1. Within 10 Å of each residue's Cβ, count the other Cβ atoms and sort 86, 130 from fewest upward.
2. Could you calculate the contour length gain from residue 132 to residue 95, that is, 0.36 nm times the residue separation minus the distance between their Cα atoms, to one decimal place in nm?
3. Using 0.36 nm times the number of residues separating residue 88 and residue 144, minus their current alpha carbon distance, what extension gain do you get?
4. Give me the one-decimal nm value for the distance between modelled label points at residue 109 and residue 81, 7 Å along each residue's Cα-to-Cβ direction.
5. Tell me, 75, 110 in order of fewest to most beta-carbon neighbours within 10 Å?
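Values in this text are rule-based calculations from the coordinates and carry no lab data. These numbers come from a predicted model, not from an experiment. Glycine gets a Cβ as well: all are built from the backbone with ideal geometry, and neighbour counts include every protein chain shown.
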């Protein structure tokens, strides 16, 4: 049981570090892409010369006012604190229930997941991320004997 606990904890930490690495590397690849992008005039000429077929046009809602990288980092820190609290044997059961049944899923779904999906849409999907949330929270729920209502 104890070995399984440490394996799951290390797996979650490794996943967080891996995700942060991907987000950090994105800055370098974006800088390179920006240098390779044609000028604004060239873009206009390309659009006018070759309009895209309607079937290939995709609407991707994005709010330019949101700093998704900062949102991701902040939410990742919150989730790490939740995990630290859950790993602490001094944490009372009521706090564990609040974290697992309310706080963690709320932060994950409203902050962490949207930011990660915006930053890395090719690598992550909503169903995949929801499954990861379920796996992580189920582990802690099972180890603490918690059932959310």
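1. 130, 86
2. Values: separation 37, 0.36 × 37 = 13.32 nm, distance 2.17 nm.
Length gained between residue 132 and residue 95: 11.2 nm.
3. Working: separation 56, 0.36 × 56 = 20.16 nm, distance 1.16 nm.
Value of the extension gain: 19.0 nm.
4. Rounded to a tenth, the inter-label distance reads 2.1 nm.
5. Ranking 75, 110 by Cβ neighbours within 10 Å, fewest first, gives 110, 75.
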